[in-house]
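The values are calculated or read from the model by the stated rules, or taken from the named source; none is laboratory data. Computed from a predicted model, the values in this text were never measured in an experiment. Heads up, the Cβs are rebuilt from the backbone with ideal geometry, glycines too, and the neighbour counts pull from every protein chain shown. Only protein heavy atoms, including side chains, enter the accessible area calculation; ligands, DNA and RNA are left aside. Shrake-Rupley method; radii C 1.70, N 1.55, O 1.52, S 1.80 Å.
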Amino acid sequence: MAEKTASEMLKDKLFINKKNGFTNCDDEKWEQVTDFCEGYKIFLANGKTEREAARAALAIAEAAGFKPYERGKRYRTGEKYYVNNRGKTVAFVVVGKRSVEKGVKITAAHIDSPRIDLKPNPLYEDIELALFKTHYYGGIKKYQWTAMPLALHGVFAKKDGSVVEVNIGEDENDPCFVVTDLLPHLAQEQSKRTLAEGIKGEELNILIGSRPFKDDKGSELVKLNIMSILNEKYGVTEEDFLSAELECVPAVKPRDIGFDRSLIGSYGHDDRVCAYPALMAITEVEMPQNTAIAILTDKEEIGSDGNTGLNSDFLRFIIRDIAESQGVDYTEALRNSKCLSADVNAGIDPTFKDVMEPKNAAKLNYGAVITKYTGARGKSGTSDASAEYVAEIRAMLDNAGILWQTGELGKVDLGGGGTVAMYIANMGVDVVDLGVPVLSMHAPFEVVSKLDVYETYRTMYEFCK
Ligand code: MN
Ligand code: MN
């Protein structure tokens, strides 16, 4: 190799010099990456809703020795427990060597994903076909959800207090469901609509059957037949839909993408692609310096409100409980705490480069993305991490040899978004967003890089160890 010139050497020293992660990924490392991602793919397939992801996470944590939280118990260093909030938000705690007054280390990711929920009164018949009315959840491009197989997940909660689980459409032998779309031949008027209106909210109706009840006379016999099947299978009547949470998700499995298998395509990467690394990291932490908390939360996609969202007191109470059990000041604990808000950012897409400002856009295979601020317009709706805290995280990443980059969510004034970061920052905790860059974010089938997933896991471990 030719010797470097003076200017080249000075550039190495003075300029940002981020490299594609594959320039430094030998066979041994790639094997670790792919092994980790095989576990991630199983987690994705088992957890397609917040309830299922919470349950899958609890199973992994229990296998790693985490026990349910016991109020009033004085936990010793290294002890591991979890707090389960209504089966939708779960927090995992490993008690650290230092008093919680010195602060806790929080990793926070969300396990809800954009989807199509059934309305409280969903079932109807039209033109002798049975359908469900729906109400979408989170930010979706509605046209993407038509003409593809959908599965139905969720629960009926009945008046007698029992809860019946629904999970239909994932198994190859299961039936699945579909939102129909208009044939192109008759779509002249539809094609003049804007993309946002191409399919409207009230057009996301899900086809669920066509066969009338026996050969009886009367109206709504297809609906009756569906209700009869549901009654037989789940013991429910139409009124039980009023107290149900039924969620339609793409009936697709996580798959490797590309001839080189370097990418993963799946529904729900946002944000299980950060939840799984945070979970795996905390299950592997032994005797951390500071008490480590990984929280996998619900409701991020609709603004983090509600008693299972991170804008609730759930996380505060967990920290307060620890402080009380150690007889130390809770507010002091919060002030000294630090958090990685583990959420995805947009990866730059070669087909849609224009929405990104290239110097500040995340690229696939460049590692975990630090996002100093999210929000919209003039940084509205974000916590904007402090320079000091970002410096601390940079140093941690570089010292551990972790592949990382920075990103902004698109060009200024083009749009925007948010994460849970600001809700945790509002508690007085230092927070910055860090996560995996995604292509086709919020689509039924999103894409991430395996290398980025693995580096995000390494970050989570380094942060809470
Ligand atoms: Mn997210
Ligand atoms: Mn999202």
Query raised in the report: Restricting attention to the stretch 252-277, and to residues there that are within 16 Å of ligand 2 (Cβ to nearest atom) and of a type in the set (Gly, Ala, Ser), which single residue is nearest to Tyr137 (Cα to Cα)?
Result: Gly268
Query raised in the report: So which of Arg211, Arg193 is more than 34 Å from the chain's Cα centre (by Cα), open to solvent by 70 Å² or more (accessible area, probe 1.4 Å) and under 24 Å from Ala147 (Cα atoms)?
Result: Arg211
**Report entry** Qualifying positions in the stretch 93-141 - within 16 Å of ligand 2 (Cβ to nearest atom) and either charged (D, E, K, R) or at pLDDT below 95 (or both)
**Finding:** Asp112, Arg115, Asp117, Lys141
Report task. Keeping to the stretch 73-92, report how many residues are more than 19 Å from Phe314 (Cα to Cα) and among the small types (Gly, Ala, Ser). Result -> 1
Requested in this report: Kindly list the number of the only condition in (1) away from ligand 2 (no atom under 16 Å from the Cβ); (2) open to solvent by less than 10 Å² (accessible area, probe 1.4 Å); (3) not aliphatic (A, V, I, L, M) that fails for Gly435.
Outcome: (1)
Requested in this report: Please go through the stretch 248-266 and pick out each residue that is in a strand (DSSP E or B), touching a strand residue (DSSP E or B) at 6+ places or on another chain (Cβ under 6 Å) and either aliphatic (A, V, I, L, M) or open to solvent by 10 Å² or more (accessible area, probe 1.4 Å) (or both).
Outcome: Val249, Arg255, Ile257, Leu263, Ile264
Requested in this report: Would you confirm whether any residue within the stretch 271-279 is within 16 Å of ligand 1 (Cβ to nearest atom), on the phi > 0 side of the Ramachandran plot and assigned by TED's automatic domain parsing to the domain that holds Gly381?
Outcome: no
**Report entry** Test for Tyr81: is it in a strand (DSSP E or B), more than 15 Å from the chain's Cα centre (by Cα) and assigned by TED's automatic domain parsing to the domain that holds Ile322
**Finding:** yes
**Report entry** Residue count, the stretch 300-318 (criterion: touching a Leu at 6+ places or on another chain (Cβ under 9 Å) and buried (at least 24 other Cβ atoms within 10 Å of the Cβ))
**Finding:** 1
Query raised in the report: Using beta carbons and a limit of 8 Å, which pairs, at least six apart or on different chains, have the first residue in the stretch 332-354 and in the same structural domain as Arg316 (by TED's automatic domain parsing) and in contact (Cβ under 8 Å) with a residue 40 or more places away in the chain and the second one open to solvent by 40 Å² or more (accessible area, probe 1.4 Å) and within 16 Å of ligand 1 (Cβ to nearest atom)?
Result: Val344/Met441; Asn345/Leu409; Ala346/Leu409; Ala346/Met441; Asp349/Ser440
Query raised in the report: Got at least one residue in the stretch 110-118 being surrounded by 15 or more Cβ atoms within 10 Å (Cβ to Cβ) and under 30 Å from Gln326 (Cβ atoms)?
Result: yes
Query raised in the report: So, in the stretch 196-208, of the ones that are farther than 27 Å from Asn225 by Cα and part of a loop (DSSP other than H, G, I, E, B), which residue ends up most open to solvent (accessible area, probe 1.4 Å)?
Result: Lys200
Query - Selected residue (criterion: farthest from Tyr454 (Cα to Cα)) from residues of the stretch 11-62 that are part of a helix (DSSP H, G or I), open to solvent by 90 Å² or more (accessible area, probe 1.4 Å) and of a type in the set (D, E, K, R) - result: Lys11
Report summary line: A careful count of residues in the stretch 340-372 that are over 19 Å from Pro277 (Cβ atoms) and within 15 Å of ligand 1 (Cβ to nearest atom) gives 0
Query raised in the report: Do we find a residue being basic (Lys, Arg), in a helix (DSSP H, G or I) and either in contact (Cβ under 8 Å) with a residue 12 or more places away in the chain or buried (at least 21 other Cβ atoms within 10 Å of the Cβ) (or both) anywhere in the stretch 401-416?
Result: no
Report summary line: If we ask which residues in the stretch 223-247 are basic (Lys, Arg) and either buried (at least 18 other Cβ atoms within 10 Å of the Cβ) or not assigned by TED's automatic domain parsing to the domain that holds Asp171 (or both), their number turns out to be 1
**Report entry** Matching entry among Ser337, Ser386 (being hydroxyl-bearing (Ser, Thr, Tyr), away from ligand 1 (no atom under 15 Å from the Cβ) and open to solvent by 40 Å² or more (accessible area, probe 1.4 Å))
**Finding:** Ser386
Requested in this report: Report yes if some residue within the stretch 112-126 is over 23 Å from Glu197 (Cβ atoms), within 16 Å of ligand 1 (Cβ to nearest atom) and in a loop (DSSP other than H, G, I, E, B); otherwise report no.
Outcome: yes
